[in-house]
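Shown next, in structure tokens, is the structure this report addresses.
Every number in this text was worked out from the coordinates using simple rules, so none of it is lab data. Source: prediction; values computed, not measured. Here Cβ is always computed from backbone atoms with ideal geometry, including for glycine, and neighbour counts include all displayed protein chains.
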Amino acid sequence: MKKMITLFLLGASALLAGCSDSTVPVEGEQYSKLPANLSTFRIPQVTEVFSLNCGHCGKMEAEIPKLESLIDRSIGKIHVTFNESAQIGAMIYYAAEMQLGHKPDHQMMLELFSAVQMGDGSTIAQRKAAIDNAFQSRNLISPYNLNEEQQAQLFQAIQLADDITTQGQISSVPTFIVNGKYQVITSGHQNVDSIADTINYLIKK
């Protein structure tokens, strides 16, 4: 009888230990270590890597305010330059960041996502008008109307973003860089709360 009780208690303690371990993010499942330390670029402690052309990134943007609340800090942004459409998106994003001196606010980001991701039935003129409005309503110059000096500054910002994502070997978005050393695997999470748990874990790591 004593032996059975001992075995039962050992089994129960093992199950409890297993349950507690399941809350700890696992490398390779919820996050990965970056091949290069990106903190030398002085990016924010938590930085989202995204593209205005990415549907999943647009959905993530809607959750950013909640995520920032859960991790108790502002999230920086880096726009990828994977391909031609991403490069165009980067020009639009960095034209705003460059003029503001910081990342666009949440409402402007939603407007930019909406403009860039208009449905197939929309025309180039309609998308341009929506982008122009997002800028001009905030007294900013549209990316289509930048002068040569502003264009040169814009391309510097895009090159920096490209250097960061290339050195980090980041190949999918949206994702988050934490402490310049870790990349969050968003597909390894069920919701924003679990992403926040992983980010908070990595911040302390």
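If you plug the beta carbon distance of SER39 and GLN190 into 1/(1 + (r/R0)^6) with R0 = 41 Å, you get a FRET efficiency near 0.90. Peptide packing: for 140-149, 167-176, the average count of neighbouring Cβ atoms within 10 Å per residue gives the ranking 167-176, 140-149, highest mean first.
Reducing region 24-38 and region 145-205 to their Cα centroids gives an inter-centroid distance of 13 Å. Each Lys and Arg adds +1 at its Cβ and each Asp and Glu adds -1 at its Cβ; summed about the Cα centre, the chain shows a dipole of about 760 debye.
Maximal additional length on extending the HIS106-SER137 stretch stands at 9.7 nm, based on 0.36 nm per residue less the C-alpha distance. DSSP bridge analysis restricted to the chain gives an antiparallel fraction near 65%, rounded to the nearest 5. Look at the dipole of the chain built from charges on Cβ: of LEU70, ASN147, VAL49, the Cα furthest out on the positive end belongs to LEU70.
Spacing of the modelled spin labels on GLN126 and ASP163, each 7 Å from Cα toward Cβ, amounts to 4.0 nm.
Using alpha carbons only, how many degrees (0 to 90, rounded to 10) separate the axis of helix 106-116 from the longest principal axis of the chain? Value to nearest ten degrees: 70.
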